[in-house]
Amino acid sequence: MKFESQLLKGIAPVVVLEILSRGQMYGYELSQAIEERSGEILTLGKGTLYPLLYNLEAKRLVKGKWQATDSGRKRRYYSITGKGKGQLAKQKEQLKELTAGLNVVFGGALTPA
Amino acid sequence: MAKKLAYMHSENLPECAIDFIKLVIRQMRYRKKVRAEVMAELAAHFEDELKDCKSDEEKERKAKELIADFGDVKLLGVLLRRAKKRCRPLWRTMVARTFQTVGILILLLIVYIGWFLMGEPVISVDYLAQLNQMVQPAVDESLNAAPLYEKAVQLYGKCSDDFLLFFAENYKEIGDPLVGGRFRREGRLRAEELADDIRQLLSTKQETDLAEKTRLQIESEVGTTASVLLTRRYQETSTIERKFIKKWIEDQKEALDLVVAGTQKPYYWQKYGSKQNTSEMMSILLPELANFKRLAYSLLRRARFGAEQGRYEDAFSDMKSCYRLGQHIKGDNTFVIEQLVGMAIEALATQRLRDILSEYEIDSIVLTKLQNEFEQIVAEEDFAMSFQAERLSIYDVIQRCFTEDRIGGGHLCLEEFKRLRALVADYDSYSFLEEIIEERAWTAPLRVLFTHPNKHETFRAAEELYDYWESLNLKSPARIRTEGIDIDKDTMEIIEGNILLDVFATNFGRAIEMSYQIKAEVQAIVTIMGLLRHKNDKGFYPQSLRELTGEGYISELPMDPWTDKPLVYKKTDESFTLYSVGRNFEDDGGEVVRDYDGQPEMWGGEGDVVFWPVPEFEVKR
């Protein structure tokens, strides 16, 4: 589904951090994981993915490292840092409160059936 | 980077993917290493996306879809660069910012230098007109002695045939023209040639232009010999030389009579003008000061000859005229150089007067008349220096060397500064100024740019400097010493860092001293006349100078500027001693200071300045 870009803008970093919190991944892997684990609801454009990863790296929320894959090819793996975990926890908490608030506004319409 | 490119090709990525990645990397415009990493990452992503494609067409299609998903190349490049820049370590960011800051500063410096080099001075005040207004009294031109002096200068130097012939016949006994030391031989040879030229000129009696030119040349050279002899002490001249000088003075009668007539005028002023007829003060043409001095020497020698022949009244008349000439040249608000020449002439007159009073017995009637007339001449004289002309000059230099006022207050124009500096004689440079003027160091103008005071500040400093000289003018050397005034230190503090003032502003400490010297000379000669009269009248000299004032021989005690007390007077068995303690401020008992050649020094030495008895000169021939 194509969402309004402003709507996605705020949650893309927390989604990436959440997925990386479960294990390190390289760019392609990460974009596939976002689709799969969101039930193909969320997709992150490739033009957004890499700039996002570099920005998270600049903020020290993730760190990147070149490693050999199982097939022997080299990929840049990204893993969440301690700071990233803290930031993730904080943003998840905020999202929960946001969801609860929106549910009240929309009369429970946001809660999945 | 080449390796990464080769890698992309080796993984069989479609051309469109390779081209896309290359475009994105080019758009990034960042460090090579970072771009190589991003290129590898993007290539790996394409590789992963396309790994399950079974054919080249499928690869191509999927690659194009992926390219579309990546979005605009330019935007992607920008986003990647921004993100990667945020990744760089703090030290790298600081280095980059430092370079940017330095770059901006260099740009500003270039703009500032451009601004500095542009802009021209604007001449808004005619200081030359102000000066002329200042020196000219509100009286009729007929009361001005200047035209008479100018005529005298034009006539001075004309020689009769008789005089030239005398030189040609006696040149061997006459002192060499313009000589001393190693030029003696050349001077002697030239004198011989001159004698031949004279004989030829007088024998042919031609009236051609060439003959006229030759005559002028001869008169000039013979006249130089006369001028040199005139400056020597009378005792140092031989009988032939005295005859030579006597003939010379006879030939100059018309010029000297014009000078005497000029000294009868109540005023002397001249209209200052410049060579190029501009209002530029530095180009002002000063009057013929050197010729005035020659006229003065001639008058004094004429006085000496008069005294020799017992014509004391004529002798004293010439001496008074000489003193008056000095007074005129000093003038009111003239340039310091004119005042110094005027004072030098006055000093010559008083010194030669002392010589005559010392050598000849003058009766009381003549002495009294002389003293009264001399006192009348000096009665209204202001011995203090004036720096008004120099003040206006420096103001004019400032307005010609600084740009018009603008943000920053007007800055120094090096080109104008160099031009005006070339007009200043007797310039004493130091290395920093040499760098500025001679452009030996390109950094020197930069130092001027950032450290030199602006126009307002320079004006203020100039005002402060000349106010300082005016205040110092009123203090005798004794008072300056008592107050612990350090003139060099004070003036350096005022002009510190200002190269314009350092070049163009003069230290007037010595000039101010000289004005006090001449005052002491004048008071001394009046006192001497009073003492001689006392002796003539009563047969003895008084015990103290107070007796002279008490009995009306002098109206006031002569003051010593080096003690601020009266000159030292000591009665001796047959005569008296009258002296100033001099520039060392110490009373050496009236001992005459002598130079290396044993000749008495007056004010130039460090010791007592003895007015009486007149120190003897050792005749050297």
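Table: residues versus (1) over 19 Å from B:LYS418 (Cα atoms); (2) surrounded by fewer than 17 Cβ atoms within 10 Å (Cβ to Cβ); (3) at pLDDT below 95.
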residue: B:ILE365; (1), (2), (3): yes, yes, yes
residue: B:GLN376; (1), (2), (3): yes, yes, yes
residue: B:ALA379; (1), (2), (3): yes, yes, yes
residue: B:ASP382; (1), (2), (3): yes, yes, yes
residue: B:MET385; (1), (2), (3): yes, no, yes
residue: B:ILE394; (1), (2), (3): no, no, yes
residue: B:GLN399; (1), (2), (3): no, no, yes
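Within segment B:128-137, is even one residue more than 14 Å from chain A (Cβ to nearest Cβ) and not in a helix (DSSP H, G or I)? Yes, some residue in segment B:128-137 is more than 14 Å from chain A (Cβ to nearest Cβ) and not in a helix (DSSP H, G or I). For segment B:39-70, enumerate the residues that are more than 9 Å from chain A (Cβ to nearest Cβ) and small (Gly, Ala, Ser). Result: B:ALA43, B:SER55, B:ALA63, B:ALA68.
Which residue, of B:LEU216, B:LEU256, is surrounded by fewer than 20 Cβ atoms within 10 Å (Cβ to Cβ) and aliphatic (A, V, I, L, M)?
Values: B:LEU256 fails: surrounded by fewer than 20 Cβ atoms within 10 Å (Cβ to Cβ).
Unique residue meeting the criteria: B:LEU216.
The residues of segment B:31-86 that are more than 22 Å from A:ARG73 (Cα to Cα), free of Cβ contacts under 8 Å to residues at least 40 places away in the same chain and surrounded by 18 or more Cβ atoms within 10 Å (Cβ to Cβ), listed by number, are B:LEU79, B:ALA83.
Summed over segment B:472-487, the residues that are over 24 Å from the mean Cα position of the chain (by Cα) and surrounded by fewer than 17 Cβ atoms within 10 Å (Cβ to Cβ) give a count of 5. Between B:GLN351, B:GLN339, the distinction of being in contact with a Ser or Thr (Cβ under 8 Å, 6 or more places away or on another chain) and either among the charged types (D, E, K, R) or in contact (Cβ under 8 Å) with a residue 12 or more places away in the chain (or both) belongs to B:GLN339 only. Quick check: is even one residue across segment B:524-547 part of a strand (DSSP E or B) and surrounded by 22 or more Cβ atoms within 10 Å (Cβ to Cβ)? Scanning segment B:524-547 turns up no residue that is part of a strand (DSSP E or B) and surrounded by 22 or more Cβ atoms within 10 Å (Cβ to Cβ).
Scanning for something in a loop (DSSP other than H, G, I, E, B), modelled with pLDDT under 95 and among the hydrophobic types (A, V, I, L, M, F, W, C), does segment B:139-149 turn up at least one residue?
yes
This table checks each residue for (1) away from chain B (no Cβ under 14 Å); (2) in contact (Cβ under 8 Å) with a residue 40 or more places away in the chain.
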| site | (1), (2) |
| --- | --- |
| A:LEU44 | no, no |
| A:LYS59 | no, no |
| A:LYS85 | yes, yes |
| A:PHE106 | yes, no |
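Is it fair to say A:TYR28 is within 23 Å of B:PRO89 (Cα to Cα), within 14 Å of chain B (Cβ to nearest Cβ) and not charged (D, E, K, R)?
Here the answer is no, as A:TYR28 does not meet what is asked.
Results for (1) in a helix (DSSP H, G or I); (2) at pLDDT 95 or above, shown as yes or no for each residue.
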| residue | (1), (2) |
| --- | --- |
| B:PHE244 | yes, no |
| B:ASP257 | yes, yes |
| B:LYS265 | no, yes |
| B:TRP269 | no, no |
| B:ASN277 | no, no |
| B:LEU286 | no, no |
| B:ASN291 | yes, no |
| B:LEU299 | yes, yes |
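Of the residues making up segment A:61-83, those that are in contact (Cβ under 8 Å) with a residue 40 or more places away in the chain and facing chain B (nearest Cβ under 8 Å) number 2.
Rundown of residues vs (1) out of contact with any helix residue (DSSP H, G or I) (no Cβ under 6 Å at 6 or more places or on another chain); (2) modelled with pLDDT of 85 or more, yes/no style:
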| position | (1), (2) |
| --- | --- |
| A:ARG60 | no, yes |
| A:SER71 | yes, no |
| A:LYS74 | yes, yes |
| A:GLY82 | yes, yes |
| A:GLN87 | yes, yes |
| A:LYS90 | yes, yes |
| A:GLN94 | yes, yes |
| A:GLY101 | yes, yes |
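The values are calculated or read from the model by the stated rules, or taken from the named source; none is laboratory data. Since we're looking at a predicted model, the values are computed, not measured. Note: ideal-geometry Cβ built from the backbone for every residue, glycine included; neighbour counts use all protein chains shown.
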